[in-house]
Amino acid sequence: MTMDFPTVLFYVFASILVLSALRVITARNPVHAVLFLVLSFFNAAGLWMLLHAEFLAIMLVMVYVGAVMVLFLFVVMMLDINIERLRQGFWSYLPVGAVIGLIMAGEMALILGGRYFGLEALPAPAVPAADYSNTKELGRLLFTDYVYPFELASVILLVALIAAVLLTLRQRKDNKAMNPSLQVRVKAADRWRIVKMDAVVEAPATPAADAQEGGKA
Amino acid sequence: MDAVLALINQNVAPLFGAWWPEVSITLWTVIKVVLIVAPLMLCIAYLTLAERKILAWMHVRIGPNRVGPLGLLQPIADGVKLLLKEIIFPTRANKGLYILGPIMAIAPALAAWAVIPFSEEWVLANIDAGVLYLLAVSSLGVYGVIIAGWASNSKYSFLGAMRAAGQMVSYEVSMGMALITVLMVSGSLNLNTIVEAQRGATFFSWNWLPLLPMFIVYLVSGVAETCRAPFDVVEGESEIVAGHMVEYSGMSFALFFLAEYGNMWLIAAMTTTFFLGGWLSPVSFLPDSFLWFFLKASFIIFLFLWFRATFPRYRYDQIMRLGWKVFVPICLAWILVVGLWMLSPLNIWK
């Protein structure tokens, strides 16, 4: 028992992360796969928290788990996916997939191994002081040194947003959708009006007429 | 107390050796969690009674009055009833996810309380990124609803889940944007600092007055976020019966219920912290205390019930319009206004 507590936590988070990431690609049900992806995001956030990067960790949960994956789940649940058909031709695609996978693994090994990201190149950062705020530091950097790339990224995102809206926007002639902003502007006076009328008093039927009618019946 | 602590330190600590600091801090945290969750559960239980009573009085009825004096034991009776009822699994439901749904609904509703400052000292985790934590955790509640709706394998449940997902994700945006102005004027993400920044002679110094449009946006978005009337199309009794929880029974249903009322208390506590000065006393000659926090949160809760008794249900497209086309533009404009205000000589936050 020589491991300290953060190290134990690291192995817990890392092992759950790897296992759930594996389940994302092996789960038969796509909804399960998405939920495993959510779990792996959580554990990645836990790892970042261990690195004192609380802003990144919370943002990962807030943006990816709280918004992106919800919409993802939304779409996957709506799809009528035939799992058997998806699995067809698995073996014929396998060689190509395996080659691509191996190339990716090799490239990552080249970069992440020793020379650039090893312990000699990147020693463990000093433990920050107690009053260090990761959020404040990131905010300061984003709005001073990196303000140009930051604004550029936001403009690109905005363009992508508008493009996505424009691509899916169809204005059909026979669209019967209602316009809520017009509807809420309706006043009671547009729909009905109160008319002043004199009271109409019906003359009481005379007993004679009654008797006549009764006689007819 | 000290004697007990010394006894524990002598006899229990050696069993854990070098791990004792971690173990003891975990134990202390668990005790504190219980001290927060147990009263919270009581508040949730009695909120159901308060809701029924207040609605009844607003309708000129009496409300529940059979169980205990004035019906005060009604929540206990309801709880026992739900505990003893059978949990029914629909035949073609996805068993695992069907159980996970209610758990995912209640877990964030309780976890968010970790950073709420009840008074100056009473806070479980006084962390720097408190506001971010609150936003992140409260954005997870929607998973319980979606998972439950899908796993039930029922059209009504699924429709309810779809509505809930759309509505909750949309109103999170306006809630988050309303909070940006609060962060701007307090200059911190720490909830204690945010409360402390509102300190002044009277309750006019709290954020609700200078940020009045944001206060209203936040409160209304909070009602929509918790899917309460008039935004309760998620449950929509007249159209989709009870939405995502239509297939649930017994304790699994009760968990959804607890989550909904827990979220109401949470929104009330958050509104109190951000806009109504948290534990601060409204007038300077009275001391600050937890009681003020509780009173303010209870007032917000009363507003929730008042809304329910007053407004008819919104239509779904009107809900979406209110969130995206009314609240978000108001927030964006007010962020700019507050920014200019803070740069001008009229700045009142220094």
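Overview of values
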read-out: Odd one out for residue A:131, checked against (1) of a type in the set (Asp, Glu); (2) away from every other protein chain (no Cβ under 14 Å); (3) closer than 30 Å to residue A:52 by Cβ; (4) loosely packed, with under 10 Cβ neighbours inside 10 Å; value: (2)
read-out: Breaking point among (1) within 30 Å of residue A:138 (Cα to Cα); (2) away from chain A (no Cβ under 12 Å); (3) in a helix (DSSP H, G or I); (4) aromatic (Phe, Trp, Tyr), for residue B:118; value: (3)
read-out: Residue satisfying all of: in region B:187-215; of a type in the set (Val, Ile, Thr) and in a helix (DSSP H, G or I); most open to solvent (accessible area, probe 1.4 Å) among these; value: B:193
read-out: Members of region B:1-45 found to be outside any helix (DSSP H, G or I) and either within 23 Å of residue B:263 (Cβ to Cβ) or open to solvent by 80 Å² or more (accessible area, probe 1.4 Å) (or both), listed by number; value: B:1
read-out: Boolean, residue A:110 is surrounded by 10 or more Cβ atoms within 10 Å (Cβ to Cβ) and more than 10 Å from chain B (Cβ to nearest Cβ); value: yes
read-out: Failed item, numbered, when residue B:238 is tested on (1) under 23 Å from residue B:132 (Cβ atoms); (2) surrounded by fewer than 20 Cβ atoms within 10 Å (Cβ to Cβ); value: (1)
read-out: In region B:280-293, residue nearest to residue B:49 (Cα to Cα) [restricted to those that are open to solvent by 50 Å² or more (accessible area, probe 1.4 Å) and in contact (Cβ under 8 Å) with a residue 60 or more places away in the chain]; value: B:290
read-out: Candidate set: region A:59-75, residues that are within 22 Å of residue B:128 (Cβ to Cβ) and open to solvent by less than 10 Å² (accessible area, probe 1.4 Å); chosen: the one nearest to the other protein chains (Cβ to nearest Cβ); value: A:66
read-out: Failed item, numbered, when residue B:339 is tested on (1) surrounded by 17 or more Cβ atoms within 10 Å (Cβ to Cβ); (2) within 30 Å of residue B:187 (Cβ to Cβ); value: (1)
read-out: Among (1) within 28 Å of residue B:47 (Cα to Cα); (2) part of a loop (DSSP other than H, G, I, E, B), the one test that residue B:345 misses; value: (1)
read-out: Residue that is open to solvent by less than 40 Å² (accessible area, probe 1.4 Å), hydrophobic (A, V, I, L, M, F, W, C) and out of contact with any Gly (no Cβ under 7 Å at 6 or more places or on another chain), where the choices are B:73, B:97, B:83; value: B:97
read-out: Unique residue being farther than 13 Å from residue B:232 by Cα, at pLDDT 90 or above and away from chain A (no Cβ under 13 Å) when the list is B:289, B:284, B:298; value: B:298
read-out: Qualifying residue in region A:80-100 (condition: open to solvent by 90 Å² or more (accessible area, probe 1.4 Å), within 14 Å of chain B (Cβ to nearest Cβ) and closer than 18 Å to residue A:37 by Cα); value: no
read-out: Region A:161-188, subset among the polar types (S, T, N, Q) and in a helix (DSSP H, G or I), residue farthest from the chain's Cα centre (by Cα); value: A:183
read-out: Per-region count, region A:11-49, residues more than 30 Å from residue B:150 (Cα to Cα), open to solvent by 50 Å² or more (accessible area, probe 1.4 Å) and either away from chain B (no Cβ under 14 Å) or in contact with a strand residue (DSSP E or B) (Cβ under 6 Å, 6 or more places away or on another chain) (or both); value: 1
read-out: Among (1) more than 24 Å from residue A:42 (Cβ to Cβ); (2) in a loop (DSSP other than H, G, I, E, B), the one test that residue B:128 misses; value: (1)
read-out: Which listed residue is within 14 Å of chain A (Cβ to nearest Cβ), farther than 21 Å from residue B:264 by Cβ, small (Gly, Ala, Ser) and not in a loop (DSSP other than H, G, I, E, B), from B:101, B:96, B:149, B:144; value: B:96
read-out: Hits in region B:46-69 (condition: open to solvent by less than 30 Å² (accessible area, probe 1.4 Å), among the aliphatic types (A, V, I, L, M) and within 20 Å of residue B:259 (Cβ to Cβ)); value: B:47, B:49
read-out: Filter pass, residue B:139 being among the polar types (S, T, N, Q), closer than 23 Å to residue B:262 by Cβ, touching a Gly at 6+ places or on another chain (Cβ under 7 Å) and more than 12 Å from chain A (Cβ to nearest Cβ); value: no
read-out: Options A:4, A:80: the member that is closer than 24 Å to residue A:128 by Cβ and of a type outside the set (Val, Ile, Thr); value: A:4
read-out: First in region A:166-177 and small (Gly, Ala, Ser), second anywhere and surrounded by 10 or more Cβ atoms within 10 Å (Cβ to Cβ), Cβ under 9 Å, 6 or more apart; value: A:177/B:317
read-out: Conditions (1) in contact (Cβ under 8 Å) with a residue 60 or more places away in the chain; (2) open to solvent by 10 Å² or more (accessible area, probe 1.4 Å); (3) closer than 28 Å to residue B:329 by Cα; (4) away from chain A (no Cβ under 11 Å): number failed by residue B:156; value: (3)
read-out: Residue identified as under 17 Å from the mean Cα position of the chain (by Cα) and in contact (Cβ under 8 Å) with a residue 60 or more places away in the chain among B:256, B:327; value: B:256
read-out: Filter result for residue B:151 (touching a Leu at 6+ places or on another chain (Cβ under 6 Å) and either of a type in the set (D, E, K, R) or buried (at least 24 other Cβ atoms within 10 Å of the Cβ) (or both)); value: yes
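The values are calculated or read from the model by the stated rules, or taken from the named source; none is laboratory data. Predicted model only: the values in this text are computed from it and were never measured. Cβ: placed from backbone, ideal geometry, glycine included. Neighbour counts: every protein chain shown. With ligands, DNA and RNA removed, areas are computed over all heavy atoms of the protein, side chains included. Shrake-Rupley method; radii C 1.70, N 1.55, O 1.52, S 1.80 Å.
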